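First the structure, in the form of structure tokens, and then the observations on it.
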Amino acid sequence: MIFANIVPTSLLVTLELVKFWQAKFINWDKEIICPEKLMQTEVHSSNLNEEAGQINYIFSDKTGTLTQNIMEFKKLSINGVSYGQSEHVD
């Protein structure tokens with residue numbers, strides 16, 4: 001409502017149409033897939049392209065490859081009962 005007097009309605013409509021068509025192009029892109037589930041992208045919001053541009057940090061190791069942190073269960077002791085396998089033999 002604040003920008004109603006400043007920004008013409010035709011510009012707002014044009015911006016929404018551009019976002020709509022950008023979402024369609026993302027849906028049609030066959031190269032954007034989830035490799036684990038082999039699923040293609042599905043855009044349910046025309047604001048997705050704006051949100052995708054807001055990525056601030058990508059973590060990688062010093063070689064530049066993307067890394068994945070995985071927590072693995074090693075060993076646990078409850079009331080003297082040991083669960084898991086030890087790295088060394090006691």
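Things to note:
- Tally, over the stretch 45-90, of residues that are at pLDDT 80 or above and out of contact with any Asp or Glu (no Cβ under 9 Å at 6 or more places or on another chain): 9
- Listed by first and then second residue, the pairs linking a residue in the stretch 5-20 that is under 15 Å from Val43 (Cα atoms) and touching a residue at least 24 places away in the same chain (Cβ under 8 Å) to a residue that is of a type in the set (Ser, Thr, Tyr) and not in a helix (DSSP H, G or I), with Cβ atoms under 6 Å apart and 6 or more places separating them unless they lie on different chains, are Lys19/Ser46; Phe20/Ser46.
Yes/no per residue for (1) among the hydroxyl-bearing types (Ser, Thr, Tyr); (2) under 27 Å from the mean Cα position of the chain (by Cα); (3) part of a helix (DSSP H, G or I); (4) at pLDDT below 80:
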residue: Ala4; (1), (2), (3), (4): no, no, yes, yes
residue: Val13; (1), (2), (3), (4): no, no, yes, no
residue: Phe25; (1), (2), (3), (4): no, yes, yes, no
residue: Lys30; (1), (2), (3), (4): no, yes, no, no
residue: Glu36; (1), (2), (3), (4): no, yes, no, no
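The values are calculated or read from the model by the stated rules, or taken from the named source; none is laboratory data. Here the structure is a predicted model, which means the values were calculated and not measured. In this analysis, Cβ positions are derived from the backbone assuming ideal geometry, glycine residues included, and neighbour counts consider all displayed protein chains.
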